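Below is one structure, written out as structure tokens; the observations come after it.
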Amino acid sequence: MLYAFYIASAVAVISTLGVITGRHAVHALLYFIISLLAVAMIFLLFGAHFAAALEVIIYAGAIMVLFVFVMMMLNPGPRSVRKERHRLSPGTWACPAVLALILTAELIFLLASGTVGFHDGTAVTPREVGMALFGPYLLGVELVSILLLAGLVGAYHLAWRLGVSRADGAGEGRQS
Amino acid sequence: MNGIPVEQGLIVAGLLFVLGVAGVLIRRNVLFILLSLEIMLNASGLAFVVAGARWLQPDGQVMFVFILAVAAAEVALGLALILWMYHWYGTLDGDRACSMRG
Amino acid sequence: MFELIWLIPLLPFAGFAVLALAGSRLSRGVVSVIGTGSVGLSAALAVATFAGFSISPPPGNAYVLPLWRWVTVGGFSPQVSLCLDALSAVMVLAVTVVSFFILLYSSEHMAREEGFSRFFACMDLFVGSMLTLVLADNLLVLYLGWEGVGLCSYLLIGFRYEDSANVRAANKAFIVTRIGDTALAIGLILLFIQLDTLSIREILVQAPQRWSPDSGVAVWAALLILGGAVGKSAQLPLQVWLPDAMAGPTPVSALIHAATMVAAGVYLVARTHVLFTLAPSVGGLVAVVGAVTLLMAAASALAQSDVKRVLAWSTISQIGYMFLALGVGAWSAAIFHFMTHAFFKALLFLSAGVVIAALGEERDMGRMGGLRRDLPAAFWTFLIGASSLSALPLVTAGFYSKDLILFMAWTSGTGGPWLWAAGIAGSFLTGLYAFRMVFLIFFGERRTAPAERPGRAVTIPLVVLAFFSLVSGFLQMPAALAPVTIFSDFLSRSLPPLRGVPVSFTTEVILFLDAMIMPVLGIAAAWWLYLRRPGLPERWAGTAAGSALRRFWHSGWGFDGLYGAVFVRPFTSFARLNRDDAVDLIYGGLAWYSAGLSSLLTRTQSGRLRRYAIGIVAGVVIALGLVIWFKESP
């Protein structure tokens, strides 16, 4: 089980690397989907079956699809690929890389000092999760539903406005 | 050797989070920045689930559900805004969306 | 009778007040009546007071009129009071009579100027201040009058202020006399600290009691008072302002810079004579200053071509004679010479003014000539004035006063043959330059034609002053001639009598003859150089040595250049260096610094998303670092 964990983690990290260094937007998205699937695997190893299912269905299945739709709407072509390559010059990523490395070092240092314990794969069943959601965390669930409503309304409104102004501009689309 | 060390799970979450941070800092294309934000959210969700599993409590997964909902709402609105930005500035370059003088 | 002496300075002040407030609305006739009349009334009162004083003098030979107490602060409570004694009676009489005639002259001479009422207002203010100075019983009141005459001198030199050269001359006069005024002020402070009083009579009584002769404090007190006198009377080393002060109108030069203000220094020293007898070294310095100045100024007068500048240098020279007399302890002789000098110098200036105005403001003697038939009044009065100046023997007043000074220079206890020799040489030079003026202006061929003739308001003062220039000398005659000592007897009521080492009769006769011969020699030399051989002086001035000497004397022995290099230029270059105000730079620096910091801080608000994100991440890194840091130490 430990080796499965290591393999899944490696896949997740490498594919995430591929996301942040990708030139083509769709490629980056696909890498991310792979990363999500690897993380779902880790969830399974830790006995969080419900979380793993949700990860795949909602995160990889809904959110990423939304990303893909918008990406297709924006229609990145070979020109955008060249632009991305041009934008990722060494001067751009030197400082953030340094910061990220320092952050990594600090996190690992903090997390690795002291033992927390071992997990042997005992599952926390969806039943328990459901009982918790509709028990102590009921208020949170309701708030989340309102949040989703707000997101829905906001997205609808923004899109409608966009449609109106596009019509005013006589549909002159500006290529990126 | 009867299980996965929980710290290592957390370390993986940390690594993914840092990669997300690096992505936000490095990329100029707002789409990629949004994507990196998703990476960060995902990583924090992983951390929650691992922690909850350690104590064999459902609270970790409950938090993960909430994070998922937040991520969904945020992505929806964020993409709408990105479309607006594309309509307004004609480019997806984040640095171009700056009207400060000085 | 004497209770009215407060009216004597008040009448001119009242005239000033009326003219200053309402003068521009009054007609010229009214203005001149107010201006001249106030001084005229003052003069009449002065004559009456003088007559009363000489016939029945008040007890103690001095009448003190306390007016009011100025302030009482701590131990300092000066009294504003006036004192009439023999010295101030003579001064008041001379000042008011001469001022009256000069104001009468200027009512016609200045008739075409704008600022006519301003002129008379300033002149009245001046006469009032001078009378305050002379009648003062308290050194503070004297200083008030001192400052007042300095102010009026500045106002009147720069009377035609549209021309910046006049303004510069006025500034120069004021600043140079200010140096003297400061010395006088410090001297006053010293006297007050040492003697606790500023009343003149008190000081003259207390000082010999409390100070020993030639002690430090006596020397310093006398020296500081001498400093003030030197500034106002234009002696070495502060004589540089008087020739430039000729930029003012002619009546101003006549009144202020010849007859009255420049004699204020002489009056001051005579008033405080006890301090000078208490410090004989300073007395000797006074005599030396007088002797050197009179020679230097006479040489400079010889090289000038502007007639008013010749007269200015001549004034400096004659006041040098007065200082010489003061230095050797012949106080009454100095006052006698002051009186005769007031008459003939005012006369010279006024008649020169007639010539200048008639030739259309032409002052260069090289462009005058042959005017004796065109301007007869001016010619005769100028001739009388020049003769009195040169001390033409026996008929002019100047002869008697100058001879007295020379006699006292030889015979007084602190005098000596060198001082006498300087005086004699000076009288030769005086005759030379005085008659140089006469011959250049009134003889020879005419170069500029006169445009107008003077009227009555101008001629009357000229005649009266000419009369006094001839007659006033008969008040005091040398012993070799006739034992007439009216003047010194009168003044000996207030000043120490003229006492000299007795000399033999032959010495007296020789001194007398020398005093007679030298002026005549000077006049003869002038006649020969300027009338018989007119080309000779130009040929001498044409040689290299001659022209250098001429330039040197013309510039007043280079004092202007010296002061300019030593004082004026360093000061102005430092002022230019500090043009941006070093202290201001500190405050400017603060503003500049904070602006710089602000612009640095502005860079953090760049509006770029990734910059802000980097900021957040950096903050997180630092926070975690702190956690690790503090986690280390258990």
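None of the figures in this text is laboratory data; all of them are computed from the coordinates on show. Keep in mind that what you see is a predicted model, and the values were worked out from it rather than measured. Positions of Cβ are generated from backbone atoms using ideal geometry, with glycine treated the same way; all protein chains shown enter the neighbour counts.
The magnitude of the dipole of the stretch C:487-634, with charges of +1 and -1 set on the Cβ of Lys/Arg and Asp/Glu and taken from the Cα centre, is near 840 debye.
Going by neighbour counts of Cβ atoms within 10 Å, the residues A:Glu84, C:Glu538 line up, fewest first, as C:Glu538, A:Glu84.
Taking K and R as +1 and D and E as -1, what net charge do the other residues with C-beta under 14 Å from the C-beta of C:Val266 add up to? Once all neighbours under 14 Å are counted, the net charge is +3. Cut-off 16 Å, label point 7 angstrom out along Cα-to-Cβ of C:Tyr161: give me the residues of the stretch C:107-140 whose amide nitrogen falls inside. It comes to C:114-123, nothing else.
When all alpha-carbon pairs of chain A are counted, what percent fall beyond 28 Å? Here the tail beyond 28 Å accounts for 49 percent of pairs. What you get for the protein assembly as shown, charging only the Cβ of Lys and Arg (+1) and of Asp and Glu (-1), is a dipole of about 2140 debye around the Cα centre. Here the 3J(HN,Hα) profile of the stretch C:546-557, calculated from phi with Karplus coefficients 6.51, -1.76 and 1.60 at θ = phi - 60°, is x, 6, 5, 4, 4, 5, 4, 5, 4, 7, x, 6 Hz, Gly and Pro shown as x.
With a cut-off of 11 Å on the backbone N, the residues of the stretch C:3-18 near the modelled label site 7 Å out from C:Leu65 along Cα-Cβ are C:3-11. Once both labels are positioned 7 Å from their Cα atoms along Cα-to-Cβ, the gap between A:Ala123 and C:Arg178 label points is 10.6 nm. For the stretch C:452-554, the relative contact order comes to 11 percent (Cα pairs under 8 Å, sequence separation of at least 6). Pairs of lysines in chain C whose Cα atoms sit within less than 25 Å of one another amount to 9, provided the residues are eight or more positions apart or on different chains. Between C:Leu394 and C:Asp306, how high is the FRET efficiency from 1/(1 + (r/R0)^6) when r is the Cβ-Cβ distance and R₀ = 30 Å? Nearest 0.05. That pair, C:Leu394 with C:Asp306, gives E of 0.40. Based on Cα contacts under 8 Å between residues 6+ apart, chain C shows a relative contact order of 12 percent. Under Stokes-Einstein, with the Kirkwood radius over Cα pairs standing in for Rh, what whole-number D in µm²/s applies to the stretch A:47-138 at 25 °C and 0.890 mPa s? Taking Rh from Cα pairs, D becomes 134 µm²/s.
Around the Cα centre of the stretch C:93-179, unit charges on the Cβ atoms of Lys, Arg, Asp and Glu (plus for the first two, minus for the last two) sum to a dipole of about 240 debye.
Given R0 = 41 Å, the distance between the Cβ atoms of C:Leu597 and A:Arg79 translates into a calculated FRET efficiency of 0.40.
When each of C:Leu156, C:Leu226, C:Leu21 is scored by the number of other beta-carbon atoms lying within 10 Å, the sequence from fewest to most is C:Leu21, C:Leu156, C:Leu226.
Comparing C:Leu295, C:Met123, C:Thr459 along the charge dipole axis of the protein assembly as shown, the residue lying farthest to the positive side is C:Thr459, per the Cβ-charge model. Over the alpha-carbon set of chain B, divide Rg by the Kirkwood Rh and report the Rg/Rh ratio to two decimals. My calculation puts Rg/Rh at 1.13. The 3J(HN,Hα) values that the Karplus relation (6.51, -1.76, 1.60; θ = phi - 60°) gives for the stretch C:373-378 are, in residue order, 8, 7, 10, x, 4, 4 Hz. Gly and Pro appear as x.
Computed across the stretch A:50-103, the Kirkwood hydrodynamic radius from all distinct Cα-Cα pairs reaches 14.2 Å. For A:Lys83, the aspartates and glutamates whose Cα comes closer than 15 Å to its Cα, not counting residues fewer than 8 places off in the same chain, are B:Asp93, B:Asp95. Modelled label positions at C:Ala541 and A:Ala112, each set 7 Å beyond Cα in the direction of Cβ, lie 10.7 nm from each other.
Treating each Cα of the stretch C:104-217 as an identical point scatterer and summing with the Debye formula, the log10 of I(q)/I(0) at q = 0.11, 0.13, 0.15 Å⁻¹ comes to -0.50, -0.64, -0.77. Remark: C-alpha extents of the protein assembly as shown on the principal axes read 151, 66, 57 Å, sorted largest to smallest. Entry note: chain C has Rg to Rh equal to 1.16, where both radii use alpha-carbon atoms and Rh is the Kirkwood radius. Extension gain, C:Thr414 to C:Asp364, is 13.8 nm, computed as 0.36 nm per intervening residue step minus the present C-alpha separation. With unit charges on the beta carbon (Lys/Arg positive, Asp/Glu negative), name the residue among C:Gly556, C:Tyr587, C:Val566 whose Cα is farthest towards the positive pole of the charge dipole of the stretch C:526-596. Final value for the positive-end residue is C:Gly556.
Look at A:Leu148, C:Leu491, C:Leu4 and count the other Cβ atoms within 10 Å of each Cβ; fewest to most, that gives C:Leu4, A:Leu148, C:Leu491. Using a cutoff of 8 angstrom between alpha carbon atoms and counting only pairs six or more residues apart, the relative contact order for the stretch C:105-227 works out to 20 percent. A convex hull fitted to the Cα coordinates of the stretch C:336-412 yields 100 cubic angstrom per residue. Distances between placed amide hydrogens fall under 5 Å for C:Leu67 paired with C:Val80, C:Ser81, C:Leu82, all partners being 5 or more residues away or on another chain. Note on the stretch C:164-233: percent of Cα-Cα distances in each 10 Å bin, starting at 0 and stopping at the bin with the largest distance, equals 21, 42, 22, 11, 5, 0. 3J(HN,Hα) couplings calculated from phi for the stretch C:505-515 with the Karplus curve 6.51 cos²θ - 1.76 cosθ + 1.60 (θ = phi - 60°) are, in sequence order, 5, 5, 4, 4, 5, 5, 4, 5, 5, 4, 4 Hz; Gly and Pro show x.
Computed from the Cβ-Cβ distance with R0 of 60 Å, the FRET efficiency linking C:Asn578 to A:Ser165 stands at 0.40. Note on A:Ser145 and C:Ile486: their simple-model spin labels are 13.5 nm apart, each label 7 Å out from Cα toward Cβ. A simple count of charges around C:Trp331, restricted to other residues whose Cβ falls under 14 Å of its Cβ and scoring Lys, Arg +1 and Asp, Glu -1, yields +1. To the nearest Å, what is the center-to-center distance of the stretch C:590-634 and the stretch A:114-147, using C-alpha atoms only? The stretch C:590-634 and the stretch A:114-147 have Cα centres spaced 38 Å from each other.
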